[in-house]
Amino acid sequence: MLAVVSVMQFAERLTDRQAADAVRSRIDWKYMLGLELEDEGFHFSVLSGFRTRLVEHSREQVVLDRLLSRLSGLGFLRAGGRVRTDATHVLAPVRDVNRLEFCAETLRCALEALAVAAPDWLRAARIADVSWQERYGQRADSYRLPKGDVEREAFAVQVGSDGFALLEAVHRPDAPAWLRQLPAVQVLRRAWVQQYHRGGEHGQGVRWREGKDLPPGRLRLVSPHDTDARCAVKRGMIWDGYKVHHSETCDNELPRLIVNVATTHAAVDDSRLVATVHEHLERRGAKPGEHLVDGGYTSAAIILTARAQGIGILGPLPPASDRQTRANEGFALTDFQIHWDEQYAVCPQGAKSRYWAAPAWTASRGLWSSSPNGTAATARSAPRAPA
């Protein structure tokens with residue numbers, strides 16, 4: 001019943017409290033759920049507990065699997081058809097903060113957690129003084145932070161030093177071992193590794209990490225309140241959160257059905273989902289003959305791998321990224337004519353390759369490659385096409 005309630009809740013965009021009220025008071029919901037009119041329903045917190053159990057036991061797809069199994073039995077779903085996959089962004093339910101706000105808020109959360117879990121230890125450790133209350137007593141917001149660049153840099157160093165002092169305190173031999181296992185303290189440790197350098201003879205020199213010293217976006221935390229969310233940029237849009245990939249059947253003679261849903265953090269490249277989507281579709285009896293995608297899901301390796309599995313990938317290839325194309329000078333890969341069936345290539349000046357090497361599997365790129373070759377003399381003697 002809770003699964004059906006969750007679906008209806010999503011369809012009507014209700015909060016947990018509103019959904020629980022609907023179960024108690026709305027006759028259409030009682031009819032849908034097969035409940036007696038006198039049924040008093042349940043407390044709204046049951047819904048969040050239900051979702052948590054689904055995630056903890058990796059059972060998020062159970063309802064969709066059973067629905068698709070039933071639809072397949074009715075003839076509405078079949079293998080060998082056409083499936084379309086696309087992704088959209090999902091915003092994490094957190095504030096959009098800059099690096100300085102993020103670090104100050106992360107330290108504040110760790111202090112709050114320690115104050116609740118071990119108030120006596122925190123007082124006895126004598127880490128914080130009155131200035132800590134001024135810096136971390138309230139949620140970190142830009143309007144409370146220093147405005148000038150020099151002042152903000154100094155504040156960032158101070159926050160970093162305070163964070164290292166707190167981490168040292170919880171790792172002292174006389175500190176309870178369980179303190180360092182608190183989730184907020186673990187987040188603080190991860191954030192400080194990512195955001196700060198600590199140098200000097202005694203480790204007192206604290207400074208920001210910059211440029212290449214920062215971890216890649218797929219690893220970098222963006223909020224202490226959601227450690228799974230990541231920052232991503234796509235088509236000029238920047239967001240913190242996730243991507244959700246929907247796969248939908250698109251055969252003209254059958255109903256259009258959502259046959260797969262996959263969620264990743266925002267920094268995961270779309271192309272990494274193709275193999276997983278194909279695996280899930282085959283398991284559900286919906287392996288497509290044609291898979292329609294956009295350019296984010298395509299590459300030579302993906303197309304050839306899918307073809308070997310009997311799936312045709314239909315979608316634009318990513319633009320060429322070789323040096324000549326980027327600089328708009330010289331000859332790019334797209335300037336050569338490759339005749340795969342006849343096994344020869346023609347260079348931009350019209351010279352034809354002399355021989356064709358046997359195909360070989362390029363393990364590093366995961367694709368088949370062939371090597372059409374000519375001689376240097378042939379290329380030099382070929383007439384250059386007029387500009």
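The values are calculated or read from the model by the stated rules, or taken from the named source; none is laboratory data. No experiment lies behind these values; they were computed from the predicted model shown. Here the Cβ is made from the backbone with ideal geometry for all residues, glycine too, and neighbour counts use every protein chain on show.
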| query | In this structure, is Leu314 on the phi < 0 side of the Ramachandran plot, in contact with a Leu (Cβ under 9 Å, 6 or more places away or on another chain) and modelled with pLDDT of 70 or more? | reply | yes
| said: Quick check on Thr334: is it of a type in the set (Ser, Thr, Tyr), in contact (Cβ under 8 Å) with a residue 40 or more places away in the chain and over 21 Å from Thr249 (Cβ atoms)? | reply: no
| message | Exactly one condition in (1) in contact with a Phe, Trp or Tyr (Cβ under 8 Å, 6 or more places away or on another chain); (2) surrounded by fewer than 19 Cβ atoms within 10 Å (Cβ to Cβ) is false for Val244; which is it? | response | (1)
| task | Select from the range 265-286 the residues that are of a type in the set (Lys, Arg) and either under 21 Å from Gly241 (Cα atoms) or touching a strand residue (DSSP E or B) at 6+ places or on another chain (Cβ under 9 Å) (or both) and list them in ascending order. | result | Arg272, Arg284
| query | Identify, please: which residue in the range 49-75 is within 18 Å of Asp228 (Cα to Cα) and touching a helix residue (DSSP H, G or I) at 6+ places or on another chain (Cβ under 8 Å) and is, among those, surrounded by the most Cβ atoms within 10 Å (Cβ to Cβ)? | reply | Leu54
| Candidates Ser58, Ser25 - the one that is on the phi > 0 side of the Ramachandran plot and of a type outside the set (Asp, Glu) | Ser58
| said: Going through Ala275, Ala267 one at a time, which residue ends up being within 23 Å of the chain's Cα centre (by Cα) and either of a type in the set (Val, Ile, Thr) or assigned to a helix (DSSP H, G or I) (or both)? | reply: Ala275
| When you scan the range 123-226 for helices (runs of 4 or more DSSP H) that lie fully inside it, which ones turn up with 3 or more residues that are in contact with a Lys or Arg (Cβ under 8 Å, 6 or more places away or on another chain)? | 149-170, 183-195
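Here is a list: Ala332, Ala301. Which entry is more than 27 Å from the chain's Cα centre (by Cα) and surrounded by 12 or more Cβ atoms within 10 Å (Cβ to Cβ)?
Exactly one of Ala332, Ala301 is more than 27 Å from the chain's Cα centre (by Cα) and surrounded by 12 or more Cβ atoms within 10 Å (Cβ to Cβ), namely Ala332.
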